[in-house]
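Heads up, the thing below is written out as structure tokens.
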Amino acid sequence: MAASNIHRTFPEIQEKIDRKEVVILTAQEICDRVREGETIEFHDIDVVTTATSALMSGTYAVLSFKVAEPDTFIKAEKVWINNVPAQVGPCPNERIGILDLIIMGTQQSKTDPGYGAGDLFRDLVLGKQVLVEIQTDDKQNLTCFTTLKQIPHAMLHASRNAFKNYLAFVNPGKSAVSTIFHSEMMKGNYEEMTFCGCGELNPLENDPELKTIGIGTKVLINGAQGFVTGAGTRSSAEKPNLAGVADMHQMDPEFMGGFSTGHGPDIITTWAVAIPVLDREMLIHILKTDEQIPLKVVDVRNRKPIYEITYGHVWNKEDNHEVEFNRKICLKCDACRVEGICPVRAVHSDPETGVHFDRARCFNCGICASVCKGKSFAAHLGSIKLEGVNHKVPVTLRQSDRVAALKAAEVLKHQIQKGQFKMTQPVGKIGFPGRP
Ligand code: SF4
Ligand code: SF4
């Protein structure tokens, strides 16, 4: 059936994909063309791939695996994996030697404050061996080692992910405050700004009316094919977010990990969502660039909005958003400030061999650029003029990684083109207060 020129259906788009005639662009490719002055019409595009990579605290894993032979112990009461506490259950484990566990993404290691569940999930996906410690109800202490391959059930669940963009944070007070919106204390007197949100790439920004995203929509979560299961917690029509699930065995470690905030560990999660362009009205949102997407600046102490800027202020279109490292100009300081502050431990300094930078681990948050003594780490985070503030407020930390998000959107685009990812029509609408 030929697509009409004002409306398309999912099956019509799938037919075009099968015939290899589909036009798929990432949201960034579309917005770049819009910025260059190109007019994009409904017939120019069939599918837009969108993505977001950010701290998403509402993430947890459900693991189920054998830890001992049956009858070795009666019941496990407390469990830690790599020292990260796990919740035992919900199923009981009496005498079977198999544990069902839930691990919250924001859990912290009992021995290493810089290691959390996000790091543990990444280590598992990397194939690393992890230590399991079990305390039983009859006071036995058992240990074993395992790997993701030996864990038959390992699903990552999202209870609150992929928000429709987010907020920027400043501290108008006099003293520094500890917050999850910084990797250490946030300075007062508007000395800095942090923010979260991938702007024009964001899935729900491109389909805010949820015309195509619903229960059962297939997505990529950390590179693995998973599904939307409904609205995330605290969703509203104005600030929706998604719940979902995907198999950890299929995940790509590049899209995930832990992130140390000033208030404990948080977790990085990356979503990519394909949005079929079903009608002209959807283009209104898809063609919006960073410069047209509002970003509320809130007081970090009470989250009250005090200014409004746009994502165009924080995602500089001339920049590729990748943090640069120039080893040649590193001063080899006695105490490398970057190693101390990097929230994902991508930087390691060795007195003999100097500073080592793990690009695959880097989240491009940019905080290193403001503390590196020799300017060997550089990022173009910009600074913002806020009315009534005498100085420009420098952006010091991003809690979203646009480089990873763009990569996820490109991966999804290529998978659809190659027939490796079949888009699914939702089986149910997502409802929440304000949008039943
Ligand atoms: S702070 Fe910068 S210049 Fe100093 S050792 Fe670390 S990376 Fe090198
Ligand atoms: S941008 Fe710098 S501080 Fe941030 S994750 Fe990368 S290396 Fe670490």
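Here are a few things to note about the model shown:
- Solvent-accessible heavy-atom area per residue, rounded to whole Å², over the stretch 59-156 at 1.4 Å: 48
- Filter on K385/K407; K128/K407; K211/K413; K128/K239; K110/K328; K20/K429 - keep pairs with C-alpha separation over 27 Å: K385/K407; K128/K239; K110/K328; K20/K429
- Largest-first ordering by accessible area, 1.4 Å probe, given options H313, H285: H313, H285
- Charge dipole (the chain, unit charges on Cβ, about Cα centre) - positive-most of F259, C362, L156: F259
- Rounded if a/c under 1.5, otherwise prolate or oblate - the stretch 133-277, Cα gyration tensor axes: oblate
- Lys, Arg +1 and Asp, Glu -1 on Cβ, resulting dipole of the chain about Cα centre, debye, nearest 20: 520
- Cα-centred dipole magnitude for the stretch 259-386, charges only on beta-carbon of K, R (+1) and D, E (-1), debye, nearest 20: 320
- Note on E209 and Q129: the model spin-label points, each 7 Å out from Cα along the C-beta direction, lie 5.6 nm apart.
- Both radii were evaluated on the Cα set of the stretch 191-326; the Rg over Rh quotient, with Rh as the Kirkwood radius, amounts to 0.97.
- Relative contact order %, the stretch 324-378, counting alpha carbon pairs below 8 Å whose residues are six or more apart: 46
- Heavy-atom accessible area ranking, 1.4 Å probe, most first, across R234, R160: R234, R160
- Using the Cβ-Cβ distance between A360 and I6 with R0 set to 35 Å, the FRET efficiency works out to roughly 0.20.
- Debye, to nearest 20: dipole size of the stretch 248-294, +1 on Lys, Arg Cβ, -1 on Asp, Glu Cβ: 80
- Packing rank of 378-384, 251-257, where each peptide gets the mean count of other beta carbons within 10 Å, highest leading: 251-257, 378-384
- The stretch 1-133: C-alpha gyration tensor shape, a/c 1.5 cut-off, then a/b vs b/c: prolate
- Cα centroid separation - the stretch 317-348 against the stretch 28-44, whole Å: 35
- Per residue, the convex hull around the alpha carbon atoms of the stretch 324-378 comes to 69 Å³.
- Rounded to the nearest 500, the 222 nm mean residue ellipticity of the chain from helices alone is -4000 deg cm²/dmol, with -39,500 (n - 2.57) taken per DSSP H run of at least 4 residues.
- Each peptide in 213-225, 67-79, 422-434 gets a packing score, the mean of other Cβ atoms within 10 Å over its residues, and the list from highest to lowest is 213-225, 67-79, 422-434.
- For the chain, a/c is not less than 1.5, where a ≥ b ≥ c are the root eigenvalues of the C-alpha gyration tensor, and a/b does not top b/c. That puts it in the oblate class.
- Loop-resident GluC sites (Glu not before Pro) (DSSP state other than H, G, I, E or B) in the stretch 317-378 with no more than 11 further Cβ atoms inside 10 Å of their Cβ: E318, E352.
The values are calculated or read from the model by the stated rules, or taken from the named source; none is laboratory data. Just so it is clear, the structure is predicted and the values come from calculations on it, not from any experiment. We place every Cβ from the backbone using ideal geometry, glycine too, and count neighbours over all the protein chains shown. Just so you know, the surface numbers come from the protein's heavy atoms only, side chains and all, with ligands and any DNA or RNA stripped out. Shrake-Rupley method; radii C 1.70, N 1.55, O 1.52, S 1.80 Å.
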